[in-house]
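Structure, as structure tokens:
The values are calculated or read from the model by the stated rules, or taken from the named source; none is laboratory data. Every value quoted in this text rests on a predicted model; they were computed, and no experiment measured them. Cβ placement follows ideal geometry from the backbone for every residue including glycine, while neighbour counts extend to all protein chains displayed. Surface areas here come from the heavy atoms of the whole protein model, side chains and all, with no ligands, DNA or RNA. Shrake-Rupley method; radii C 1.70, N 1.55, O 1.52, S 1.80 Å.
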Amino acid sequence: MANKNIDAMIEELKQVFPDNWGKADKGLSLDIIDISLSWYEEAGFMEDCLFEINFEYKANKASVVITSEKELRFELTDGYINDFADIGKIVQIIGKHLKKIDLSVL
């Protein structure tokens, strides 16, 4: 199954946050999971069954949880955030691409 919206989201995040990509302590790292607990890049992953996007940016942890077709929940899993403007930009990019996904399967 094609995951074109998640692919586009990752490409945009890589362009905006290229430094230390994939290294959570110094850059941006993502874990993307669907409702069957398949991870992005696994064969069974389906973006229209998206459950959660966990990200870590310069050791700041947060997640976007899809609770229903029309409801997303943003959670800061770290008590202290250093780079709030960048975290906001990451969430904005994630949201821009999530709104293109038909989550009615949920």
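Treating the angle as unsigned and between 0 and 90°, give the value, to the nearest 10°, between the Cα long axis of helix 4-16 and the longest Cα principal axis of the chain.
Helix 4-16 sits roughly 10 degrees off the main axis of the chain.
Whole angstrom only: what separates the Cα centroid of the range 32-54 from the Cα centroid of the range 1-16?
Cα centroid of the range 32-54 versus Cα centroid of the range 1-16: 14 Å apart.
Once Lys and Arg get +1 and Asp and Glu get -1 on their Cβ, which of I53, I94, V105 lies farthest toward the positive end of the dipole of the chain?
I94
From zero outward in steps of 10 Å, how is the percent of C-alpha pairs of the chain spread across the bins?
15, 50, 30, 4
Round to a whole number: what % of the accessible area of the chain belongs to carbon and sulfur, probe 1.4 Å?
Its accessible area is 49 percent carbon and sulfur atoms.
Determine which lysines satisfy two conditions relative to K99: a Cα distance under 20 Å, and not lying fewer than 8 residues away in the same chain.
Filter leaves K4, K14, K70, K89.
How much accessible area per residue does the chain have, in Å², with a 1.4 Å probe?
On a per-residue basis, 58 Å².
For the chain, what is the calculated [θ] at 222 nm in deg cm²/dmol (nearest 500), taking -39500 (n - 2.57) for each run of four or more DSSP H residues and dividing by its residue count?
It comes out at -8500 deg cm²/dmol, rounded to the nearest 500.
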